[in-house]
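A.B. asks: Could you have a look at this structure, given as structure tokens, before my questions?
The values are calculated or read from the model by the stated rules, or taken from the named source; none is laboratory data. Quantities reported herein were computed from a predicted structural model and do not represent experimental measurements. Note that each Cβ is placed from the backbone with ideal geometry, even for glycine, and that neighbours are counted across all protein chains shown. What goes into the accessible areas is simple: the full protein's heavy atoms, side chains included, and nothing from ligands, DNA or RNA. Shrake-Rupley method; radii C 1.70, N 1.55, O 1.52, S 1.80 Å.
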Amino acid sequence: MTTRKPSESRIRTRMARTGESYATARAGLSGARTSPKPVTDAGWALRGGLHAETSNVTNVLAHLGGATPARLSEAMLLGVGGGLGAGYMLWEIKGQTPNLFLGFRYRWTFHDWAERTMDRLGVGYQVKTTGSSKTAAGALHEQLADGTPVLVAPDRQVVGYWHLPPEAALAGRGRPVFSGARRSPVVAYAATDDGIRLDDRNLAPLTVDADTLAEARARVSSTKNRMIVVHTVPEEFALADAVRAGIADCIAQLDAKAATVALPAWSKWSRLVTDQRNAKGWPKLYGKGGMATTLLSVWEHVEPAGLTGGNLRDLYADFLDEAAPLLGDSADAAADAAALFRQAAQLWHEVAETALPWDVPEYARIRELVATISAGVAAGDSAVAERAEAADTLWDLIAEYDRKPPAEPDLTRLSEQIQAVHDTEREAVGALRHVLR
């Protein structure tokens, strides 16, 4: 089947309108039934991906496993690694708009997902840490010189290519970027004269200055200078047991009573959106400004067009479909659960649309700018200027709309939609329990 390559502007427009990731929007416009052959750079295949953590582990295992039939998809990695989580959290720093975070992955508040998942799969790896940035940089170069890709977690702001504003510029100019939540796991796979080549779901080479990367790796204390070196990938994975263990983790996580990291978080958030008495209620919290920042955060977290990878419900449904042949008599129950998680994904899309409506021209423009940045990261080094210009415009507009919103948000509708997500995901967890019976 021949396909016509869509223009970058059409891809970005579709991303902004639909909330799709770059790869999905490109495939949809080209009519492609399969993904194009990945670009290979310094022996590393840039396969892309949806979510930073799941995709980078998937890509490292694919690289080290070669052409083995045991190669795993990103969906399978997500499911084996515990699947989904739920979380609503605000970080408040005096003088700044409260920073909203939504958690969608299992154990989203921890940084050990890769290790736990690889342990479950029998993958051999080593975690290396040091307090010295110089030592960390030297160790990284040694691994890359040997042709070994390394998982690292640089600060998103400092590493630069997402073009988040510097902290000094945050006051009155866009959303805050809290240090503890900025770590973004990526793969460092080659050293060049210009710097270190990174895989952050990009589809073309993406280079970061070596000193900048060293600074970014040292910035967040919980992952300071950490790197994971994978050295052994099994020829075959014991997937049947791993799949069941991952599903059990997902049920336990979503079904917990914690109002921050489990399904009760969605009900809590639903209430706070319209609560006019609670100090954490949105009418009070954003009554004097900052609403546009928060509405953008909702859209970016929920939709794959942003930098986080989106709500992951569709990807988890894909996992359940892939896992069905391994589940024996529970295959039908897995299909039922997959259908409910796809329904939840659609409800999340509706939440994002209500938060930052496409039919408000000012918000449509913001969405287009976010899509331009994301598409620019996917395009790698060739799109530095374009994504930097988009980011500069984005932060100026967000600051303006924080002071004077272009439209009043429909908080009542937003609250009802979030509660509908909760109810559907509660039903989906019930269906998952039948998978393990």
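A.B. asks: With a probe of 1.4 Å, find how much accessible area segment 17-122 has per residue, and write the answer as a whole number in Å².
C.D. replies: Per-residue accessible area for segment 17-122 comes out at 40 Å².
A.B. asks: Once the other residues with Cβ under 9 Å from the Cβ of A379 are scored (Lys, Arg +1; Asp, Glu -1), what is the net sum?
C.D. replies: Net charge in that neighbourhood comes out at -2.
A.B. asks: Where the accessible area of segment 208-324 is counted over protein heavy atoms with a 1.4 Å probe, how much of it, in %, is carbon and sulfur?
C.D. replies: Carbon and sulfur atoms account for 47 percent of the accessible area of segment 208-324.
A.B. asks: Using the Cα centre as the reference, give the magnitude of the dipole from point charges on the C-beta atoms of segment 1-140 (Lys, Arg: +1; Asp, Glu: -1; all else neutral), rounded to the nearest 20 debye.
C.D. replies: 560
A.B. asks: What is the set of long-range amide H partners of V39 at a cut-off below 5 Å, with H atoms built 1.01 Å from backbone N?
C.D. replies: Those lying under 5 Å, H to H, from V39 are L46.
A.B. asks: What label, among (1) 69, 54, 51; (2) 59, 54, 41; (3) 57, 55, 50, belongs to Cα extents along the principal axes in Å computed from the structure on display?
C.D. replies: Looking at Cα extents along the principal axes in Å for this model, the match is (3).
A.B. asks: Which value, in Å², gives the accessible area per residue of segment 213-324 when a 1.4 Å probe is used on the protein heavy atoms?
C.D. replies: Counting only protein heavy atoms, the per-residue value for segment 213-324 is 38 Å².
A.B. asks: Over 24 Å between Cα atoms: which of K134/K224; K94/K134; K94/K257; K257/K280; K94/K284; K94/K288 fall into that group?
C.D. replies: K94/K134; K94/K257
A.B. asks: Once you charge only the Cβ atoms, +1 for Lys and Arg and -1 for Asp and Glu, what is the size of the charge dipole of the chain about its Cα centre, to the nearest 20 debye?
C.D. replies: Dipole about the Cα centre, nearest 20: 720 debye.
A.B. asks: When you count, for each residue, the other Cβ atoms within 10 Å and take the mean per peptide, how do 150-161, 386-397 rank with the highest first?
C.D. replies: 150-161, 386-397
A.B. asks: Another question, if that's okay. Taking all protein chains in place and a 1.4 Å probe, what share, in percent, of the accessible surface of segment 105-170 do carbon and sulfur account for?
C.D. replies: Reported share for carbon and sulfur atoms: 49 percent.
A.B. asks: Applying a 10 Å radius around every beta-carbon, put 420-430, 274-284 in order of their mean neighbour count, most first.
C.D. replies: Ranking, from highest mean packing down: 420-430, 274-284.
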